[in-house]
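Structure first, then comments.
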Amino acid sequence: MASLDILRSRPLGPAERARLPEGVTCLGGEGERVAHILAPEDPAALVALVLALARALPDCRVQWVETALEPAAQSAPPPGAPPPPRAAGAATGDPWKLVESGEVEAGLRLLSGTDLDGRGRDYVRSMLQDTDPARLALACRIARVTGWRSSVSNIRRLLDHGDKRVRLAAIEAVGALAGPGLVPALLRLSGDPNPEIQAAAAAAVQTIEGEPA
């Protein structure tokens, strides 16, 4: 999969950010790379996107960047079916290839305790903008095991997601990464009708407040 980097010599202003096409992730920090978006596979859509970027930011440059493939959705095998074959390169120790091949737990173990680089953060940001509950939950888990605290601003909105898997993963991530400011949002989930959500929210509050779970 490929992505587009938007480059310019000065940072984006509020009005310029508002003009950007939907799906563009604005970036802060040093350097010319001010925004990023996954490239559509359809050539016509790609051309339309580049033209929209040019209209929004006439002085920008658009750079094509090859990125790792997004994790494929994994369907559950029927009862008694043999395990799926390992994807080529799954044994190389690359956590992203492991995740992509369906070996999510192995990939998360390799990512645990590491710092995401810029590409890794962009990858997780794109997952957090998805509509697939499995990818949203996985993005929360990656952010949690890598200790990416600034991702909380995006993850907190998933505390009210309609899918239980996403809510649980978001609660665990917020508990591990957020500060006391999000305790009220977690306490609100104590009234969730699902006991698993209630327990996860209570454990997250205890984690934030430094109490034993």
inquiry  = Please go through (1) outside any helix (DSSP H, G or I); (2) within 12 Å of the chain's Cα centre (by Cα); (3) touching a residue at least 12 places away in the same chain (Cβ under 8 Å) for Ser151 and return the number of the only condition it doesn't satisfy.
reply    = (1)
Subset of the range 128-147 [more than 19 Å from Gly118 (Cβ to Cβ) and either outside any helix (DSSP H, G or I) or of a type in the set (A, V, I, L, M) (or both)] = Asp130, Thr131, Asp132, Ala134, Leu136, Ala137, Leu138
query = Taking the stated definitions as given, is Leu177 surrounded by 14 or more Cβ atoms within 10 Å (Cβ to Cβ), modelled with pLDDT of 90 or more, in contact with a Gly (Cβ under 9 Å, 6 or more places away or on another chain) and within 18 Å of Thr146 (Cβ to Cβ)?
reply = yes
request  = Filter the range 4-54 for residues that are assigned to a helix (DSSP H, G or I) and touching a residue at least 24 places away in the same chain (Cβ under 8 Å) and give the result.
outcome  = Glu16, Arg19, Leu49, Val50, Ala52, Leu53
Hey, Ala81 modelled with pLDDT under 75 and either of a type in the set (A, V, I, L, M) or over 30 Å from Thr146 (Cβ atoms) (or both) or not = yes
Any chance Leu182 is buried (at least 17 other Cβ atoms within 10 Å of the Cβ) and in the same structural domain as Gly147 (by TED's automatic domain parsing) = yes
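The values are calculated or read from the model by the stated rules, or taken from the named source; none is laboratory data. Just so it is clear, the structure is predicted and the values come from calculations on it, not from any experiment. Cβ atoms come from the backbone with ideal geometry, glycine included; neighbour counts cover every protein chain shown.
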